[in-house]
Amino acid sequence: MKEKLEQANQYIKENKGRIDPVYRQGYHLMAPIGWINDPNGFVYYKGEYHLFYQYYPYDSIWGPMHWGHAKSKDLLHWEDLPVALAPSEEYDIDGCFSGSAIEKDGKLYLMYTGHYEREGIKREVQCMAVSEDGIHFEKFLENPVISEQHIEGVAAIDDFRDPKIVEHDGLYYSVVASKTAEQRGQILLFQSDDLVHWQFTSILLKGEKEQGIMWECPDLFHLDGKDVLLISPIEMEKKENSYENINSTVAFIGEVDWSTGRFTVDNHHEIDFGLDFYAPQTCFDEQGKRIMVAWMQMWGRNMPTNELGHLWAGTMTLPRELHVVDQQVIQQPINTIYKLITDKKRIKKEKLENSSIELDNIEAKQFYIELSGTLTQTENLAIKVLRTNESAVELIYEPATGYLSISRDSFGFKITGIETEQLTKRTTRVPLIDNSLLLEVFRDTSSIEVFANGVATMSMNFYEKEQSEPPSVSVTGMIEKLKINYGTIKL
């Protein structure tokens with residue numbers, strides 16, 4: 001592996017200065033050059049957060065997967081580290097696919113999927129690597145540690161990937177995604193006492209027909225008295241305003257019976273209602289809080305930074321703190337982001353009726369808006385986060401239905417996908433609380449993330465063609481006790 005790693009790191013060093021930075025994010029994690037997708041190995045290790053990611057440094061399209069690597073003390077300022085894993089062995093020669101990390105005896109262990117796909121044969125097996133310093137890794141001589149003999153009669157080896165390690169009662173468990181013979185997703189559970197020798201435990205959870213043809217990127221954790229299983233299903237059937245993207249992310253809330261290895265589901269729901277969110281992974285922070293980060297992109301869509309020759313594609317979401325409230329996964333922005341808000345301004349009005357307000361003096365490409373108000377007499381509330389004469393990146397809320405929509409229709413460079421109907425807008429229900437709405441909007445250079453009344457999130461990319469006008473807020477009807485706080489986000 002050493003030769004492949006040296007080759008990748010030398011290429012990055014020599015070429016990262018060639019990228020076009022016009023759409024580069026300010027406070028989101030990106031690779032220095034090339035393509036990224038799923039977050040991997042998210043872990044708090046020796047006083048710092050480490051986040052690995054699926055990575056192809058040589059082009060801004062998907063290729064044989066490496067593991068990129070960065071670390072941070074606050075999840076906002078990231079330091080690029082050398083590539084951690086590269087395809088080098090027969091079992092992973094066509095990619096070191098997604099996986100996770102865990103600390104044991106002061107060492108950092110990575111569990112990943114080795115991908116082989118040649119001459120009509122596709123094989124995915126689970127592998128381990130270990131590091132003394134959290135930066136330089138050695139693959140296990142025993143690899144693969146989970147392979148055909150572990151899943152005989154349970155799942156096929158060609159779609160068997162994305163292990164997430166958890167520790168429970170002194171034993172190590174790994175949840176791994178696969179699919180059934182009927183083309184339904186399922187999550188398998190494996191057990192080990194030393195991270196080397198693994199045995200199949202059970203089918204933790206099996207999907208229904210409408211829940212996708214394959215599940216990816218499982219994550220299992222206990223939070224606020226409930227067990228949570230996050231999965232990313234492929235082609236889950238649309239249901240009202242949920243699961244409209246070609247791939248989705250779903251939280252199953254319930255309880256794991258560790259004696260049988262079965263997950264009893266109380267509730268399941270989509271966790272982000274934007275156009276760009278997939279493959280989240282979580283870890284505990286230094287205070288024991290559960291933090292999540294996801295790939296802020298979507299499979300099956302074009303990527304303008306690739307088409308424009310910018311030599312990079314993909315970014316991670318703003319990390320989020322998770323809780324379970326009323327059988328729902330609730331997301332909050334990590335609190336360190338608020339320390340970066342400067343040039344703060346406030347608009348306060350007892351009422352605003354059939355008119356609009358422009359948020360002046362926002363010229364930076366990184367900014368924050370917090371809006372709250374009482375909407376008992378409001379017909380429509382619209383926030384144009386970015387706008388030109390012809391189009392806008394827009395949020396629209398309709399109190400009568402409780403629907404909040406996010407749209408990039410006709411704005412900037414066109415983003416199209418393989419969905420039957422092209423998606424430029426998504427909608428979800430956000431109930432008012434005491435007739436009031438609270439919206440938080442985080443804009444980075446080429447993305448916005450919305451947190452609505454503490455119950456819904458929306459994540460979306462865009463690529464503006466020209467400098468946009470300052471944001472504006474408009475009301476049809478009347479909004480009372482309107483407060484708007486806004487400012488620039490500076491690293």
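Could you please tell me the mean projected area of the C-alpha convex hull for the stretch 1-135, averaged over all directions and given in square nanometres to one decimal? Could you put the intermediate results ahead of the total?
Values: hull surface 33.6 nm².
Averaged projected hull area, Cα only: 8.4 nm².
Relative contact order for the chain using alpha-carbon pairs under 8 Å, separation at least 6, rounded to a whole percent?
13
Not counting ligands, DNA or RNA, and with a 1.4 Å probe, what is H168's accessible surface area in Å² rounded to the nearest 10?
50
Taking the alpha-carbon centroid of each part, what is the distance from the stretch 123-158 to the stretch 1-80 in angstrom?
A separation of 22 Å, based on Cα centres.
Which length gain, in nm to one decimal place, applies between E419 and K339 when the Cα-Cα distance is subtracted from 0.36 nm times their residue separation? Before the final figure, lay out the partial values.
Details: separation 80, 0.36 × 80 = 28.80 nm, distance 3.91 nm.
Stretched fully, the E419-K339 segment lengthens by 24.9 nm.
If I fit a long axis through the Cα atoms of helix 2-15 and take the longest principal axis of the Cα atoms of the chain, what angle between them do I get, 0 to 90°, rounded to 10?
30
Restricted to Cα positions, what overall size does the stretch 173-230 have along the principal axes? Three whole-Å values, descending.
36, 30, 16
Can you tell me the length gained on complete extension of the stretch F140 to A181, counting 0.36 nm per residue apart and subtracting the Cα distance?
Once the chain is fully extended between F140 and A181, it gains 11.7 nm.
With a sphere of radius 13 Å drawn around the Cβ of I121, what net charge do the other residues whose Cβ falls strictly inside it have (Lys, Arg +1; Asp, Glu -1)?
Working: positive: R118, K122, R123; negative: E90, D94, E117, E119, E124, E148, D158.
Neighbour charge sum, excluding I121 itself: -4.
How large, in Å, is the stretch 4-46 by the Kirkwood hydrodynamic radius built from its alpha-carbon pairs?
Averaging 1/r across every pair of different Cα atoms and inverting gives 12.6 Å.
Report, largest value first, the span of the C-alpha coordinates of the stretch 302-364 along each principal axis, in whole Å.
48, 38, 28
Once the Cβ-Cβ distance between K239 and D133 is put in as r, and R0 is 56 Å, what FRET efficiency do you end up with, to the nearest 0.05?
Step by step, r from the Cβ atoms, then E = 0.75.
So if I take the centroid of the Cα atoms in the stretch 166-186 and the same for the stretch 309-330, what is the distance between those two points in Å?
If we compute the Cα centre of each part, the gap is 22 Å.
Restricting to lysines 8 or more places apart or on different chains, can you count the pairs in the stretch 371-491 with Cα atoms under 26 Å from each other?
10
Restricting things to alpha carbons, find the Rg to Rh ratio for the stretch 247-375 using the Kirkwood radius for Rh.
Rg/Rh: 1.05.
Would you work out if the stretch 127-272 is rounded, prolate or oblate? Take a ≥ b ≥ c from the square roots of the eigenvalues of the alpha-carbon gyration tensor; rounded if a/c is under 1.5, else prolate when a/b is larger than b/c, oblate otherwise.
Because a/c hits 1.5 or more and a/b exceeds b/c, the stretch 127-272 counts as prolate.
Name the lysines eligible as straight-distance cross-link partners of K206: C-alpha to C-alpha under 26 Å, and not fewer than 8 places from it in the same chain.
Output for K206: K122, K164, K179, K226, K238, K239.
Provide the packing ranking of 438-445, 212-219, i.e. peptides ordered by the mean count of other C-beta atoms within 10 Å per residue, highest first.
212-219, 438-445
If a/c stays under 1.5 just call it rounded; otherwise compare a/b with b/c (prolate if a/b is bigger, oblate if not). Do that for the stretch 337-489, with a ≥ b ≥ c from the square roots of the Cα gyration tensor eigenvalues. Walk me through the intermediate numbers first.
On the way: a/c = 1.59, a/b = 1.18, b/c = 1.35.
Taking the square roots of the gyration eigenvalues as a ≥ b ≥ c, the stretch 337-489 is oblate.
For the stretch 379-466, just list the percent of Cα-Cα distances falling in each 5 Å bin from zero outward, please.
Computed distribution, short to long bins: 3, 13, 25, 24, 18, 12, 5, 1, 0.
Counting helices only, and only those DSSP H runs with n ≥ 4, report the 222 nm mean residue ellipticity of the chain as the sum of -39,500 (n - 2.57) divided by its residues, in deg cm²/dmol to the nearest 500.
Per the formula, -1000 deg cm²/dmol.
The values are calculated or read from the model by the stated rules, or taken from the named source; none is laboratory data. Keep in mind that what you see is a predicted model, and the values were worked out from it rather than measured. For neighbour counting, all protein chains shown are included, and Cβ atoms are generated from backbone atoms with ideal geometry for every residue, glycine included. Surface accessibility is based on the protein's heavy atoms, side chains included, excluding ligands, DNA and RNA. Shrake-Rupley method; radii C 1.70, N 1.55, O 1.52, S 1.80 Å.
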